[in-house]
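Undergrad: First the structure, then my questions, so here it is.
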Amino acid sequence: MPGPLLALTIGQVSLRGWGAVPLIMLGHALLELVVIGLLILGLVQVLRRTTPRGIISTVGGLLLILMGLDMARRAGGMTLQGPGAAQALSWPALVLNGALISLANPTFAPWWATIGGSGMAQLGPRSVGEYLAFYLGHELSDFAWYGVVGAVLVLGRGWLSPTVYGGLVLACGVAIVILGAWFLVTGVQILRGRQPELEEAVNLEEIPPSRE
């Protein structure tokens with residue numbers, strides 16, 4: 001979705017080339033590594049219980065549906081255009097801005113508190129390795145999208161017209177609505193007791209105990 005991170009990517013790719021993308025995404029990924037680490041520490045016991053999992057999945061599903069409907073509604077007026085950057089940033093500044101701009105985005109914290117948490121609740125990770133798989137999958141999806149955006153900017157924007165871009169956003173919106181509906185139905189099933197409690201949702205031996 002168009003936002004501050006996309007604007008940063010467009011501006012810096014226009015000045016530095018495609019190489020700006022992995023640096024911006026590195027900063028974004030480092031921030032989300034911290035966020036997921038905090039979620040693990042806070043949800044390590046919660047994700048083992050049916051009621052919290054059901055609530056998280058239900059709320060996250062509803063928000064996904066609203067997000068997808070909003071994307072679909074606004075798809076016709078979207079275009080892959082962004083403001084020009086005042087100057088090309090150095091590589092440390094790109095990494096730092098990738099993190100800070102993500103953190104400053106008002107949708108960042110609510111997304112992880114609901115939709116991101118829903119994803120973890122749905123998967124019910126059982127080990128550090130499964131948490132790592134969740135993290136890498138999420139970051140690779142971010143990198144893939146922004147990598148495509150960067151490639152389009154480098155190779156030329158002519159083929160990605162506003163109509164094509166709007167159609168892409170519309171398709172993504174529909175996909176998000178479907179995913180949200182699945183989260184919602186699954187959450188309701190959990191709350192009704194149709195899915196068992198995750199007795200070993202987390203391997204506590206692989207996670208350091210709290211010092212508090």
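Undergrad: In nm, give the distance between the simple-model label positions of Asp70 and Leu155, each being 7 Å from the Cα along the Cα-to-Cβ direction.
TA: If labels sit at Asp70 and Leu155, their model points lie 3.1 nm apart.
Undergrad: Please give the peptides 165-178, 89-102 ranked by average Cβ packing (other Cβ atoms within 10 Å per residue), highest first, as a rough proxy for protection. Spell out each step's value before the answer.
TA: Working: 165-178: 16.6, 89-102: 18.3.
In descending order of packing, they fall as 89-102, 165-178.
Computed from the coordinates by the stated procedures, all read-outs in this text should not be read as laboratory data. Keep in mind it's a predicted model, so treat the numbers as computed, not measured. Positions of Cβ are backbone-derived with ideal geometry, glycine not excepted, and every protein chain shown enters the neighbour counts.
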